[in-house]
1. Between Arg134 and Ser50, how many nm apart are label points set 7 Å from Cα along the C-beta direction?
2. At 1.4 Å probe size, with every protein chain present, just tell me what the per residue accessible area of the stretch 55-166 comes to in Å².
3. Could you tell me the distance between the Cα centroids of the stretch 80-147 and the stretch 20-75, to the nearest Å?
4. Restricting attention to the stretch 113-145, which trypsin sites (Lys or Arg not before Pro) occupy a DSSP loop and are surrounded by at most 12 other Cβ atoms within 10 Å?
5. Which of the three applies to the stretch 58-166, rounded, prolate or oblate, going by the alpha-carbon gyration tensor with a ≥ b ≥ c and a/c under 1.5 meaning rounded?
6. Over the chain, what percent of the accessible surface lies on carbon and sulfur atoms, probe 1.4 Å?
7. Quick one: Karplus J couplings for the stretch 74-84, per residue in order, coefficients 6.51, -1.76, 1.60, θ = phi - 60°, nearest Hz, x for Gly and Pro?
8. Exactly which trypsin sites (Lys or Arg not before Pro) in the stretch 16-88 are in a DSSP loop and have at most 12 other Cβ atoms within 10 Å?
Amino acid sequence: MQLRYSFRVYPDGPQRSALGRAFGCARVVFNDALRVREDARAAGLPFVSSGELSKQLTVSKRTEERAWLGEVSAVVLQQSLRDLDAAYRNFFDGLKAKRPRVGAPRFKSRKDSRQAIRFTANAGWKITSERKLRLPKIGDVRVKWSRALPSVPSTVTVIKDAAGRY
């Protein structure tokens, strides 16, 4: 059984800008991967695998025009690719009537009112002794703990809503 707990986090100024960079990089990686798959489909080529997209991400991080992708945690970028895979899986399962029908994956907008990034356990995040959340390449973020956690979470998702709350 999976449970989700929501807690407010209060990042300071530099942490907000680091989170903004992470949101933007995750969106760019998602859109680039979606564009590669759409171009392959339009050209009549086979479906581009997740492994190939991951290799292309690594190569693009080494180029001069996309070097800024290295400023954020690599786990955030890989999770963005996994989110695209989940969107395609849900779309194809809907076509096969395995689940309710959903539309094809769409490009993410910079002006969207809700932005999210996800850190898995191998990202190196942890809850510090001061009860703050330490996120890689972001720092120790203050959290308003409204209840005790029953166990150690497997993932941490940071969401920014339309009102600017995290």
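1. 2.9
2. Values: 7460 Å² over 112 residues.
Here the residues of the stretch 55-166 average 67 Å² of exposed surface.
3. 16
4. Here the trypsin sites (Lys or Arg not before Pro) that fit, given the DSSP loop and packing criteria, are Arg114, Arg131.
5. Cα axes put the stretch 58-166 in the oblate bin.
6. The nonpolar share, carbon plus sulfur, comes to 50 percent.
7. Residue by residue, the stretch 74-84 yields 5, 5, 4, 5, 5, 5, 5, 5, 5, 5, 5 Hz.
8. Arg62
The values are calculated or read from the model by the stated rules, or taken from the named source; none is laboratory data. If you're wondering where the values come from, they're calculated on a predicted model, not measured in any experiment. We place every Cβ from the backbone using ideal geometry, glycine too, and count neighbours over all the protein chains shown. What goes into the accessible areas is simple: the full protein's heavy atoms, side chains included, and nothing from ligands, DNA or RNA. Shrake-Rupley method; radii C 1.70, N 1.55, O 1.52, S 1.80 Å.
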